[in-house]
1. Greater than 32 Å separation of Cα atoms is the criterion. Which listed pairs, 205/384; 205/301; 241/464; 40/213, meet it?
2. What translational D, rounded to a whole number of µm²/s, comes out for segment 28-152 from Stokes-Einstein when the hydrodynamic radius is the Kirkwood one over Cα pairs, at 25 °C and 0.890 mPa s?
3. Which of the GluC sites (Glu not before Pro) across segment 267-318 are loop residues per DSSP, with 14 or fewer other Cβ within 10 Å?
4. DSSP loop (so not H, G, I, E, B), at most 13 other Cβ within 10 Å: list which trypsin sites (Lys or Arg not before Pro) in segment 376-483 pass both filters.
5. Rounded to the nearest 0.05, what FRET efficiency do residue 429 and residue 358 give with R0 = 22 Å and r taken as the Cβ-Cβ distance? Could you check?
6. Order the peptides 145-152, 184-191 from the highest to the lowest mean number of other Cβ atoms within 10 Å of their residues.
7. Could the peptides 255-268, 46-59 be put in order, highest first, of the mean number of other beta-carbon atoms found within 10 Å of their residues?
8. Can you tell me the length gained on complete extension of the stretch residue 248 to residue 202, counting 0.36 nm per residue apart and subtracting the Cα distance?
Amino acid sequence: MEITLETLIKAIGQYNLDFWGIEKVRQAYKFAELMHDNQKRESGEPYIIHPISVALILAEMHADIDTICAGLLHDVLEDSETTKKDLEREFGNDVANLVDGVTKLKRMNFSSKEAQNLANTRKIITSISEDVRIIIIKLADRLHNMRTLHFKKSVFKQQENAVETMEIFVPLAYYIGAYRIKTELEDLSLRYTEPDKYKKMEDLKLKIEEESKECLQEMLYKIKVILNEHGITNEIKVRTKNIYGIYKNLNSGHKLSDIRDLIALKIMVDEIDECYRAIRWIHLAYHPMPKTFGDYICNPKPNMYQGLHTTLIGPEGRLAHAQIRTHDMDRVASHGIATYWDINKGDTRTIMQEALRTRTQFVDCLTEIDSNFDNNKDFVERVKKELFSDIIEVYTKDGERITLPKGATPIDFAYHIHTAVGNQAEEAFVNDERVLLNYCLNNYDRVRIVTNPNANGPTQEWLKMVCTSRARTRIKNYLKVRA
Ligand code: MN
């Protein structure tokens with residue numbers, strides 16, 4: 001299908017009817033078309049197809065007008081005579097700053113060890129705390145480049161791009177809650193990093209879809225009828241897990257039959273209260289698997305995701321995951337922070353930065369690492385380790401969810417709660433049992449720290465027992481003051 005300006009306008013029209021906004025998008029398109037005149041992509045297509053595709057991905061995420069304009073213009077500073085001043089004059093400060101931000105992130109190479117690239121990687125990561133929309137545009141840019149990666153002539157470049165995508169762009173997509181982009185990027189990367197396994201998993205996914213089709217349709221129909229009977233307006237979709245998700249589970253030793261969300265029903269309703277009413281009727285129609293219920297409405301995930309989760313025992317004992325959420329939550333679940341400007345009207349940048357700061361741990365953690373490591377190489381390594389690798393969820397004694405990097409200890413936990421709790425930590429209890437302070441925490445542990453103002457306090461040894469930058473800084477500060 002050929003993508004044109006009209007495709008884009010239509011996509012924007014799905015959620016934004018601002019006449020002047022659409023005019024601005026048309027202007028940005030004209031400008032970009034003129035600037036990229038005669039340029040071609042490696043596929044041989046006219047260059048403008050790329051910025052239009054990027055803008056379309058942004059529109060599918062319900063991005064604001066300035067972000068979409070910046071998507072259309074994201075390559076003009078690099079590929080033409082245009083200056084930032086020109087963009088300011090034509091499209092205002094916001095668009096100019098966004099395009100400038102995206103341009104500064106160019107030529108980034110995460111897999112390289114060169115100083116220049118490390119500096120650039122640092123830039124891309126820290127730019128999140130300035131204007132997260134720069135990252136959203138960069139993600140859309142990367143997604144389109146990955147979708148068309150087969151046109152790249154160099155196999156080495158393909159591999160390099162795929163690895164970089166998995167190591168940096170997938171985690172970034174997770175942190176801003178853009179699940180749809182995250183899962184697509186994962187699948188596209190695997191296709192190049194593990195071509196054989198990708199093919200196998202692709203076939204497996206098709207087989208699962210085929211086998212579970214009837215079961216899912218039967219469940220969908222039955223649940224729909226019951227919810228309708230009880231006056232709960234609903235929309236239900238079915239899905240199977242993405243290729244990379246299946247691969248990752250099997251690769252870490254799980255059996256196919258143990259993957260609880262291999263097949264899933266997504267049930268969307270209008271109001272929050274209806275989520276809870278709906279789950280009652282659903283659990284009466286299909287028994288829930290014990291210990292699989294999760295309330296992410298009262299207790300959102302660290303990337304703002306909300307919804308009710310349960311695993312149902314479906315026809316013939318087949319397990320089906322079910323997610324119940326409102327339509328608003330569903331938009332956030334698919335596209336994350338990009339949809340926020342619409343829910344709360346106002347200055348887009350401020351609202352989104354505020355959401356990122358208060359509703360995710362990302363910025364806090366990033367700032368901590370940034371202030372800790374002057375050396376770019378150390379910085380990038382820390383981010384990879386603390387932010388971009390596996391995380392665990394643990395709970396405070398009051399049931400509040402805390403996420404920590406895998407390998408975290410009760411000391412990391414204590415400093416996460418408060419500096420004083422860390423400095424005065426004397427004993428730790430995990431699931432009501434006493435553990436050593438260097439105990440390695442597991443997913444879903446309930447952690448309680450006993451403090452004592454007269455406790456011995458942190459020692460040099462403690463530095464070896466922590467894995468978060470926050471704990472490390474606090475311990476060093478304490479030791480410095482004591483020394
Ligand atoms: Mn581009």
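1. 241/464; 40/213
2. Approximately 166 µm²/s, per Stokes-Einstein.
3. Sites meeting the loop and neighbour criteria: 271.
4. 397
5. Working: r = 30 Å, r/R0 = 1.35.
The pair residue 429/residue 358 has a calculated efficiency of 0.15.
6. Most protected by this proxy first, the peptides run 184-191, 145-152.
7. Averaged packing, sorted descending, gives the order 46-59, 255-268.
8. Result: 15.3 nm gained on full extension.
The values are calculated or read from the model by the stated rules, or taken from the named source; none is laboratory data. This one's a predicted model, so the numbers in the text were calculated from it and none came from an experiment. Here the Cβ is made from the backbone with ideal geometry for all residues, glycine too, and neighbour counts use every protein chain on show. Protein only, heavy atoms only, side chains kept; ligands, DNA and RNA dropped before computing areas. Shrake-Rupley method; radii C 1.70, N 1.55, O 1.52, S 1.80 Å.
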